[in-house]
Amino acid sequence: MRKQNPSWEFTLNHQHYFNKKIVDASIGIQRSLPWLSSTATPEEQAGLYSPLSRIVHGNLQAMMKFDATGDKFTWAPRLSAQFSPDKLASDNKFNIGSRWSVRGFDGENSLSGNQGWYWRNDFIWDLATHERQFYLGADIGRLIGADLYQKGKVLSGAVSGLRGQLWSTQYDLFISTPLSKPDKFHSDALNMGFSLQWRY
C-alpha cells in the first residue's frame with residue numbers, strides 16, 4: 001500500500017552579513033493533515049506512528065573568513081536539529097550517518113529517531129589555482145529523547161576533500177572515516193566518494 005503523509009509546513013529564514021561573515025538561520029514547524037490522506041497504512045494501523053504528528057526543525061549555518069589568513073581560510077559550521085513529541089513515520093524521522101548529515105560513514109546504514117541534532121564543521125582553504133578549495137571536516141550527531149535505540153545514539157566522523165569548478169562542472173572529491181559509533185553500527189573504516197554537477 002502506498003504511504004501518504006500530507007502535511008503543512010511554515011518556515012522562517014533570515015540571513016545576516018557582517019565583517020566578511022554570513023549567518024543563515026531558519027526555524028519551522030510541520031503538522032500532518034491526516035484527513036487528506038487515503039486509507040491508513042499498515043504502519044499507521046499498528047500504531048507505529050501518530051497520524052497527528054508535530055515537528056519543529058531549525059538550522060543555523062555560517063561562513064566566516066579571517067583577516068589573519070589573508071581571506072584564504074574559512075570556517076563553515078552548521079547546526080541542524082529536529083524535535084517532536086510524537087511518533088513519526090519513517091520518512092519524517094531525523095537521520096544521521098550520511099554525507100548530508102554526519103560524514104565519515106559509507107551511507108549503507110544510518111541512525112534515525114523522532115528527535116536529534118548534528119553539528120558539521122568545515123575548515124576551508126582557498127587554493128592558488130582558480131576556483132579550487134581544500135577542506136577538512138569534523139561532524140557529530142546525536143539522537144535525543146526517551147526512546148531506546150538498539151544501535152545507539154551518537155555518531156561522529158571526519159572528512160577531507162577537494163572541490164571546485166572546471167568549466168561548467170562543479171566537483172567534490174572526498175575521503176572520510178568514522179571517529180565514533182555504536183558497537184553494532186557497521187561502516188567501512190575508510191570511505192571515498194565524489195559528486196559532479198554540470199550547469200548549462
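The numbers here are math on the coordinates, done by the rules we state, and not lab data. From a predicted model like this one, the values you see are computed outputs, not experimental measurements. Counting neighbours? That spans all protein chains shown, and the Cβs are built from the backbone with ideal geometry, glycine included.
Quick notes
- Pair-distance profile P(r), taking every C-alpha pair of the chain, with 5 angstrom steps and integer %: 1, 7, 13, 14, 15, 16, 14, 10, 6, 3, 1, 0, 0
- Full-extension gain in nm, residue 59 to residue 75, via 0.36 nm per residue minus C-alpha separation: 4.1 nm
- As a proxy for reagent exposure, ranking 10, 185, 94, 73 by other Cβ atoms within 10 Å from fewest up yields 10, 73, 185, 94.
- By the rule of a C-alpha distance below 13 Å, with chain neighbours fewer than 8 residues away ignored, the aspartates and glutamates paired with residue 20 are 67, 71.
- Look at 49, 135, 17 and count the other Cβ atoms within 10 Å of each Cβ; fewest to most, that gives 17, 135, 49.
- Counting only DSSP H runs of at least 4 residues, each contributing -39500 (n - 2.57), and dividing by the residue count of the chain, the helix-based mean residue ellipticity at 222 nm comes to -500 deg cm²/dmol.
- GNM result for the chain, Cα springs below 10 Å: residue of 92, 109, 19 fluctuating most strongly: 19
- Listed from fewest to most Cβ neighbours within 10 Å, the set 175, 96 follows the order 175, 96.
- Taking the square roots of 5 times each eigenvalue of the Cα gyration tensor of segment 93-200, largest first, gives ellipsoid semi-axes of 30, 13, 12 Å.
- Taking GluC sites (Glu not before Pro) in DSSP loop conformation with at most 16 other Cβ atoms inside 10 Å as exposed sites, the chain has its longest uninterrupted site-free stretch at 1-107.
- If the segment from residue 189 to residue 165 were pulled out straight at 0.36 nm per residue, it would be longer than the present Cα-Cα gap by 5.7 nm.
- Relative contact order (percent, whole number), segment 70-200, Cα cutoff 8 Å, 6+ residue spacing: 23
- Counting charges near residue 99 (Lys, Arg +1; Asp, Glu -1) among other residues having Cβ under 11 Å from its Cβ returns a value of -1.
- Net length gained if the chain between residue 27 and residue 43 were fully extended (0.36 nm per residue, minus Cα distance): 2.9 nm
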